Amino acid sequence: MCTCWSRLFIFLLCGTLTVFLSGNAHATGDSMLINQLKDSITKVRADVPSSIVRSEAAEQLADIARRIDPKKVDDKTFADLVSLLDIPDESIRGWVAGAIGFLGPRARPAAPALLKLLPEADCLLGDVTSAGAIRLALKRIGVDPPPPTCSTGRWHQ
């Protein structure tokens, strides 16, 4: 589990550097990327016995979102992506938050969903928490995240 979050951190950091260094990190063939994005959303939703398969599909979402032109993501696909935050798996939520963050200001409508999850994520103990990815996503879409707090006054495992 820890390895997954280390990969997420490194992935998000590399994505930031890629955007910064290239100035235009959007790949050609956006229609192909849109199809891959839709396929990965379907895989994350799939009812499979292993959450690892779904988590890997969520990781693919973040990779695709890093390379796609955010303006090319239609409203339905964007809504489908944001709806994945409802899946109660911290690994999936972390990758989905990362994907949303890579869409930048276009993803601003996702801010309420991200802000709603943040207090719960802040209260989780351990290496597997989506709080950092949610905070980074909020910053990338232009919303200042609130300071870390645990609204229940206790930490959950």
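Read the figures in this text as sums done on the coordinates, not as results from a lab. Just so you know, these numbers come straight off a predicted model, no measurement behind them. So basically every Cβ, Gly included, is an ideal-geometry build from the backbone, and we count neighbours across all protein chains shown.
Figures for the structure shown
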item	result
Amide N proximity, the range 117-140 versus Thr149 label position 7 Å along Cα-to-Cβ, cut-off under 15 Å	117-123
Cβ-based exposure ranking for Ser130, Ser55, Ser31, in which fewest neighbours within 10 Å come first	Ser31, Ser55, Ser130
Overall form of the range 45-138 per C-alpha gyration tensor (a/c, 1.5; a/b vs b/c)	oblate
For the range 91-108, 3J(HN,Hα) per residue [Karplus equation, 6.51 cos²θ - 1.76 cosθ + 1.60, θ = phi - 60°, Hz, x = Gly/Pro]	5, 4, 4, x, 5, 5, 4, x, 4, 4, x, 5, 7, x, x, 4, 8, 3
